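These notes are about the structure you will find just below.
The values are calculated or read from the model by the stated rules, or taken from the named source; none is laboratory data. Bear in mind the structure is a predicted one, so any value in this text is a computation, not a measurement. In this analysis, Cβ positions are derived from the backbone assuming ideal geometry, glycine residues included, and neighbour counts consider all displayed protein chains.
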Amino acid sequence: MSGLVVDAVSVEYVRRGASITALDEVSLTVAEGEIVALVGESGSGKSTLARAVAGLVETAAGTILFDGVAIPTRGRKPVAMVFQDPLGSLDPRLTVAAAITEILRVHRLRPRAGERARTAELLELVGLPPEVAGVRPRYLSGGQQQRVAIARALASEPRILLLDEALSALDASVRAQMLRLIMELRSRLGIGALFIGHDLALVRQLADRVAVLQLGRLVEVSSAEEFFLSPQHPYSRELLAAVPVLRRT
Amino acid sequence: MRSALANPLSYGDVVVLPVPLAEPVGELDVRGLVVEVRRSGTWVPAVRDVSFRVGRGERVALIGESGSGKSLTAMAIARLLPDGARIADGAVHLDGVDLTRADEATLRAIRGRRIGYIFQNPMASMDPLVRVGIQAEEALLAHGLGDATARRERVVQLLERVGIRDAATRARDFPHQFSGGMRQRAMIAAALAASPSLLIADEPTTALDVTVQARVLDLVRELSTESGLSVLMITHDLAVASQLADRLVVMYAGRVLETVDVKIAVGRPHHPYTQALLQLVPDMRSPAALPEPIPGAAVPPWQAGDGCPFASRCRFAVPECRETPYTMRDVGAGHGSACIRELAARVPEAVR
C-alpha cells in the first residue's frame with residue numbers, strides 16, 4: 001500500500017525496572033495528500049506514535065512502512081517532524097537560511113550553486129518574506145519561527161509532515177494563518193500530514209480523518225465528518241463534550 | 001474581628017478557621033495602570049493606561065494575544081512583576097487599599113490571603129521536593145491560620161473539592177506523582193486555601209487537556225457562585241472566556257480596546273478587534289469556513305503610537321483612527337470601546 005502504513009506498532013518504556021506500554025498494537029494509515037488528526041489526552045501516546053514514525057523512539061513490535069518500504073532510521077526520510085516549540089528545534093546561532101541550507105547539504109539535495117534559490121523557494125512556500133533569510137530565529141515572531149521550522153521540515157522533501165502540537169502555542173490569528181498554510185501545502189505539494197493537537201476545533205477545520213488514542217490504544221478511527229457528527233466510542237464523545245465552545249446565550 | 005463562620009468565603013463544611021477579616025469583598029479597581037519593561041537599557045511602556053473593575057463575585061476575563069500586556073497587567077496587580085518590568089503609573093485598589101503604594105509587609109498580608117494567584121505552568125510554580133499537601137497549606141501557614149490539624153484538614157477538604165480522589169493520601173504525594181491536570185487542581189486548592197476574595201488565574205487551563213479544562217472551569221465557576229469569589233482570568237481563548245466570564249476586558253498592544261458583557265461580546269461587539277477575535281473562533285459545526293486571520297502582525301505596545309493601536313490592521317480604519325488620541329468611551333450600559341467609529345457605519349460588513 002502506498003503512503004504511510006503503521007501496522008500493529010507497540011512501544012514500551014522501562015521506568016523503574018517496570019515496562020510500561022506507551023503504544024499497544026496501533027495501526028493507522030496516512031495517504032499522501034491526506035490529513036489525519038491524532039487526538040487524545042496527555043499520556044495517550046500521540047507524540048510517541050509520531051516519534052516512532054520518525055524513528056526517534058524504538059518500537060517493540062509492528063512495522064512502519066512508507067510506500068511499502070521501511071522508513072530508514074538514519075538519513076533522509078519520507079517524513080519530517082515539526083514540534084510545538086520552534087525555538088527549541090532551531091539552532092539559535094544559525095540564520096534562517098543557514099538552518100535550511102544545512103538540511104539541503106546533509107541530504108545532498110542541491111548542488112551548492114542551487115542552495116540559495118532552493119532556500120528562497122522554501123521561504124516563499126511557507127509565506128515568509130525573503131528578508132528573513134539572514135535573520136536569526138529569536139528575532140522573529142512565534143508564527144514566523146514556526147514557519148521557519150516548517151520550511152526546514154519541507155527542505156528534506158518529505159511526503160508526510162508529522163505536526164506534533166505544531167500550532168498549539170500560537171495565537172489564534174497566527175494559528176488561522178498556519179491552518180491555511182498547511183491546507184495550501186497539501187494542495188501545492190500533495191503532501192500528507194499526521195496532525196497531533198489537543199484543539200479539536202482546529203482538527204475540525206483541518207482533518208480528513210480522526211484517530212483517537214486512549215492510554216496507548218486506538219479506540220476510534222473515522223472520517224472527520226463521522227467523528228464530529230456521530231462519534232462511536234464513549235471516549236470520543238467525552239473529548240467532544242469537553243471542547244469549550246463559544247457560549248452565545 | 002469576624003469569625004470564619006460569618007465568612008462568606010467558607011466552603012461548605014470546610015474546617016472553621018479563626019480568621020480576622022476586614023471587609024474582604026474582593027473588589028478590584030485598576031485605574032490608569034502603566035507598566036514599563038526594559039528593552040536594551042531603556043524603559044518602554046508595555047501596558048498603557050489600563051483601567052477596569054472587577055466587582056464582588058464578578059468573573060472578568062482579560063483577553064488578548066501574546067504581547068497584549070494581559071499577563072503583565074495581572075502580575076502588576078498582585079505586585080509580582082519580574083525584574084525588568086515596573087509599574088510606572090496608575091493605581092490598583094483592592095477593597096480600598098492601593099496595592100501600587102503598599103509596602104512589602106502589606107503585600108505579604110494580602111498575597112495568598114486576599115488574592116489567590118494561579119500561574120499557567122503548575123510544574124514551574126510547585127516545589128518538586130515538597131509534598132503537595134504541605135505546599136497547599138503554605139498560605140495558611142504564612143498567615144498564621146489554624147493549627148497543624150486544622151490546616152491539614154482544610155487542605156484535604158479543598159483537594160477533595162477540586163476533584164483529587166483519596167485526597168488525604170494524595171496530599172502526601174510529591175508533585176511528580178501528580179498528572180498535569182491534578183497539579184493544576186492542587187494549585188487551585190493552594191490558591192484558595194486561605195479563602196481569598198479575589199482569584200487571579202493566568203491561563204489556568206491552557207496547558208490542560210480539554211476534559212480537565214472543562215472540569216477546572218466548572219470548579220472555578222462553582223466556587224465563585226457559591227462563595228462570592230471574584231475572579232480575574234487571563235486568557236487568549238475567547239471560547240474559554242465565554243465559558244467562565246461575565247465580562248471581558250479586551251487588550252491589544254498594551255491597551256484596553258473594549259470592556260463588555262460577555263453576551264454582547266459574542267453577539268455584537270463594538271471594537272473591530274473584538275470582532276476579529278470572534279471570527280477566529282473556529283466553527284465546530286462546519287469545517288468549510290476557515291477562521292479568518294487578522295491581516296498583518298501585532299504591533300509592540302511601545303511602537304503603537306497614540307491613536308488606536310489596532311488601526312494598522314483594521315479593515316474599518318480611517319485616518320482619524322491614527323490621529324485621534326486613544327480614549328475609552330461609553331457605547332452602552334457598562335460597555336466601553338476605544339473605537340471612534342460608529343458601529344452603524346461598519347455594521348453591514350461586521351455582522352458575521
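Remarks
- B:Val220 being within 9 Å of another protein chain (Cβ to nearest Cβ) and either free of Cβ contacts under 8 Å to residues at least 24 places away in the same chain or assigned to a helix (DSSP H, G or I) (or both): no
- Looking at A:Thr21, A:Thr63, just one residue is under 24 Å from B:Val210 (Cα atoms) and either hydroxyl-bearing (Ser, Thr, Tyr) or not in a strand (DSSP E or B) (or both), and that residue is A:Thr21.
- Residues that are modelled with pLDDT under 95 and out of contact with any helix residue (DSSP H, G or I) (no Cβ under 8 Å at 6 or more places or on another chain), drawn from the range B:85-97: B:Asp95, B:Gly96
- Within the range B:279-291, considering residues that are more than 7 Å from chain A (Cβ to nearest Cβ) and part of a loop (DSSP other than H, G, I, E, B), the one nearest to A:Phe228 (Cα to Cα): B:Arg285
- Considering the range B:300-322, the residues that are in a loop (DSSP other than H, G, I, E, B) and charged (D, E, K, R) include one that is farthest from B:Arg255 (Cα to Cα), namely B:Arg315.
- The residues listed here are B:Thr225, B:Thr259; of these, the one that is of a type in the set (Val, Ile, Thr) and in the same structural domain as B:Leu141 (by TED's automatic domain parsing) is B:Thr225.
- Total residues in the range B:157-196, condition under 21 Å from B:Val210 (Cα atoms), free of Cβ contacts under 8 Å to residues at least 60 places away in the same chain, in a helix (DSSP H, G or I) and of a type in the set (A, V, I, L, M): 3
- If you go through the range A:188-203 and keep only what is within 13 Å of chain B (Cβ to nearest Cβ) and small (Gly, Ala, Ser), you end up with A:Gly197, A:Ala201.
- Members of the range A:125-169 that are assigned to a loop (DSSP other than H, G, I, E, B), within 14 Å of chain B (Cβ to nearest Cβ) and either of a type in the set (D, E, K, R) or under 12 Å from A:Ile100 (Cα atoms) (or both): A:Glu165
- Test: residue in the range A:170-180 that is in contact with a helix residue (DSSP H, G or I) (Cβ under 7 Å, 6 or more places away or on another chain), within 13 Å of another protein chain (Cβ to nearest Cβ) and not in a helix (DSSP H, G or I): yes
Table: residues versus (1) among the β-branched types (Val, Ile, Thr); (2) over 25 Å from B:Asp29 (Cα atoms).
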| residue | (1), (2) |
| --- | --- |
| B:Ser242 | no, no |
| B:Ala245 | no, no |
| B:Val250 | yes, no |
| B:Gly307 | no, no |
| B:Thr324 | yes, yes |
| B:Arg329 | no, no |
| B:Gly332 | no, no |
| B:Ile340 | yes, no |
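- All of B:Leu107, B:Leu141 fail the test of being modelled with pLDDT of 90 or more, in a helix (DSSP H, G or I), over 24 Å from the mean Cα position of the chain (by Cα) and among the hydrophobic types (A, V, I, L, M, F, W, C), apart from B:Leu141.
- Test result for A:His198, at pLDDT below 95 and more than 15 Å from A:Val36 (Cβ to Cβ): yes
- Taking the conditions (1) more than 12 Å from chain B (Cβ to nearest Cβ); (2) within 17 Å of the chain's Cα centre (by Cα) in turn, A:Ser230 satisfies each one other than (2).
- Restricting the range B:245-278 to residues that are at the interface with chain A (Cβ under 9 Å from one of its Cβ atoms) and of a type outside the set (D, E, K, R), the residue that is surrounded by the most Cβ atoms within 10 Å (Cβ to Cβ) is B:Leu277.
- If you go through the range B:34-91 and pick out every residue that is within 14 Å of another protein chain (Cβ to nearest Cβ), over 18 Å from the mean Cα position of the chain (by Cα) and in a strand (DSSP E or B), you end up with 1.
- Qualifying residue in the range B:278-296 (condition: under 21 Å from B:Ala46 (Cα atoms), in contact with a Pro (Cβ under 8 Å, 6 or more places away or on another chain) and not assigned by TED's automatic domain parsing to the domain that holds B:Pro45): no
- Selected residue (only one of B:Leu80, B:Leu62, B:Leu33, B:Leu9 is touching a Leu at 6+ places or on another chain (Cβ under 7 Å) and at pLDDT 80 or above): B:Leu62
- Within the range A:72-98, the set of residues being crowded, with 18+ Cβ neighbours inside 10 Å, of a type outside the set (Gly, Ala, Ser) and part of a helix (DSSP H, G or I) comprises A:Pro86, A:Val96.
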